[in-house]
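Heads up, the thing below is written out as structure tokens.
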Amino acid sequence: MKKVQIEGGRRLEGKVEIGGFKNSAVALIPATILAGDKCLIDNLPDISDVDKLSQILINNGARIKRIGLKKLEIDTTDIEKCYADYDMAKDMRASYYLLGAGLGRFKKAKVIFPGGCHIGTRPIDQHIKGFEALGAKVSIEHGIISVEAEKLVGTDIYLDVVTVGATINIMLAATMAEGTTTIENAAKEPHIVDVANFLNCMGADVKGAGTDTIKINGVDKLRGCEHSVIPDQIEAGTYMIAAAATKGAVTITNIIPKHLEAITAKLKEMGVKITENGDSLRVEVKKPIKNINIKTLVYPGFPTDLQQPMTSLLSIAAGTGTVTETIFESRFKHVGELKRMGASIKVEGRIAVIQGVEKLSGSKVEATDLRAGAALLVAGLIAEGTTEIENAEYIERGYSCYIEKLIKIGAKITEV
Ligand code: EPU
């Protein structure tokens, strides 16, 4: 177990550079399986989920060479199967992309039922519905999901809920299916577009990514290519929130401001000054910040992944605010820990009502999932005295070099 200690109450100032998007990277790495060739992926975040997925590919026969900190050359020529068991993938969600990629290339794959952060029941029925519609047989036995098809045939698939995971998984499986696959009610998140761009760069024919209808015309074969991962909007949003919470002045670089519109709008509504400048933006607090209402939605709405760090900021904003979580039913585990630090929050079902307090005070707290960890980082930065976050390894799943980055902008934070 890793522990992180923060001496709170310091204003964040300076510049922080954002890395590649975790949720894109964890789809792009399995997608290289489809190429059966060498792919070069740049701007990868230095996070544990990338390391674990790379290891799973190596275990299946891939050759992976690290080039510098951010680039991987992934050669999937010699992969013959797509398999991930409990020990390889138990605490990771993105292992489910091995199913779509394995089905696409080998017409079969076997993967442990996906784990990941405990933020709700997280069913995968829409992934299964998509695979079956393409002609695959899906079975779940002894905790392993097996998908297998004689051939995959394109078809129309209407998703009952807007899901990022199922949209990407169906795209992966359909790239080399016979004919055309149409995904209706598809997710529109920026990483859907990033994955579609990568697939097209490998020779696939994917159209409409970023809208709610995606068409995939099956091709015979894909090939290797080079790709650079888009910037991480959630990492960027977290630093924006941290800057605002400490009444700081921070420039966030290497971002796509368009992807951050929901968080920018909400911070402005609170009274935070945000100035965009090309691929960077500056967050400054010049007057007291006020509480607001937030509702998580699919893109381009307010992202569920920023709801938890945002709750920490709302807990010290003047007045009363609410957070309504519409995507995951139990994404409020951070609230108990924030209350331990003096926050005044009441959760009823999917709504948290936050009464802003003057200050938080440092305490021993526990990260229960990745973004709960980010929420506690923000809280620790604001709080008077010392905050010790247990289970800090969760934070490493999504934030590359966060201790170094925070120290560089003035935080007093260390791993203990
Ligand atoms: N859903 C279904 N059936 C399905 C799939 C999803 O009912 O077959 C429901 C889910 O229960 C949820 C909603 O649809 O209520 C959205 O789920 P989605 O599939 O979009 O989420 P996911 O693929 O499980 C990914 C990210 C999450 C992020 C969500 C939403 C990865 C590995 N995970 O999860 O990231 O919160 O999309 O954007 O990409 C995080 O980064 O902290 C994180 C949890």
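The values are calculated or read from the model by the stated rules, or taken from the named source; none is laboratory data. These numbers come from a predicted model, not from an experiment. Heads up, the Cβs are rebuilt from the backbone with ideal geometry, glycines too, and the neighbour counts pull from every protein chain shown. With ligands, DNA and RNA removed, areas are computed over all heavy atoms of the protein, side chains included. Shrake-Rupley method; radii C 1.70, N 1.55, O 1.52, S 1.80 Å.
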In the range 77-91, which residues are within 13 Å of the ligand (Cβ to nearest atom) and touching a Ser or Thr at 6+ places or on another chain (Cβ under 9 Å)? Ala89
Between Glu348, Glu337, which is acidic (Asp, Glu), assigned by TED's automatic domain parsing to the domain that holds Glu269 and open to solvent by 40 Å² or more (accessible area, probe 1.4 Å)? Glu348
Being of a type in the set (Val, Ile, Thr), touching a strand residue (DSSP E or B) at 6+ places or on another chain (Cβ under 8 Å) and farther than 18 Å from Ile29 by Cα narrows it down to one residue among Ile170, Ile230, Ile183; which is it? Ile183
Considering only the range 1-62, give the strands (runs of 3 or more DSSP E) lying wholly within it that have at least 2 residues that are among the β-branched types (Val, Ile, Thr) and open to solvent by less than 10 Å² (accessible area, probe 1.4 Å). 3-7
Selected residue (only one of Glu396, Glu390 is open to solvent by 40 Å² or more (accessible area, probe 1.4 Å) and modelled with pLDDT under 95): Glu396
Restricting the range 109-130 to residues that are touching a Leu at 6+ places or on another chain (Cβ under 6 Å) and within 15 Å of the ligand (Cβ to nearest atom), the one modelled with the highest pLDDT turns out to be Gln126
Give me a count of the residues in the range 80-94 that are under 17 Å from Met171 (Cβ atoms) and assigned to a helix (DSSP H, G or I). 1
Please verify whether Val4 is more than 19 Å from Leu99 (Cβ to Cβ), touching a residue at least 60 places away in the same chain (Cβ under 8 Å) and touching a Phe, Trp or Tyr at 6+ places or on another chain (Cβ under 6 Å), treating the condition exactly as stated. no
Subset of the range 80-93 [surrounded by fewer than 24 Cβ atoms within 10 Å (Cβ to Cβ) and either under 24 Å from Glu329 (Cβ atoms) or at pLDDT 95 or above (or both)]: Lys90, Asp91, Met92, Arg93
Please list, ordered by first then second residue, the pairs with beta carbon atoms under 6 Å, 6 or more apart or interchain, first in the range 113-127 and in contact (Cβ under 8 Å) with a residue 60 or more places away in the chain, second within 6 Å of the ligand (Cβ to nearest atom) and open to solvent by 10 Å² or more (accessible area, probe 1.4 Å). Ile119/Phe328; Gly120/Phe328
Requiring at least 3 residues that are aliphatic (A, V, I, L, M), the helices (runs of 4 or more DSSP H) wholly within the range 245-355 are 261-270, 304-314
The number of residues in the range 223-242 that are surrounded by fewer than 24 Cβ atoms within 10 Å (Cβ to Cβ) and out of contact with any Phe, Trp or Tyr (no Cβ under 9 Å at 6 or more places or on another chain) is 4
Step by step: first the residues of the range 96-108, then only those that are open to solvent by 10 Å² or more (accessible area, probe 1.4 Å), touching a strand residue (DSSP E or B) at 6+ places or on another chain (Cβ under 8 Å) and away from the ligand (no atom under 13 Å from the Cβ), then the one that is farthest from Lys333 (Cα to Cα). Which residue is that? Lys107
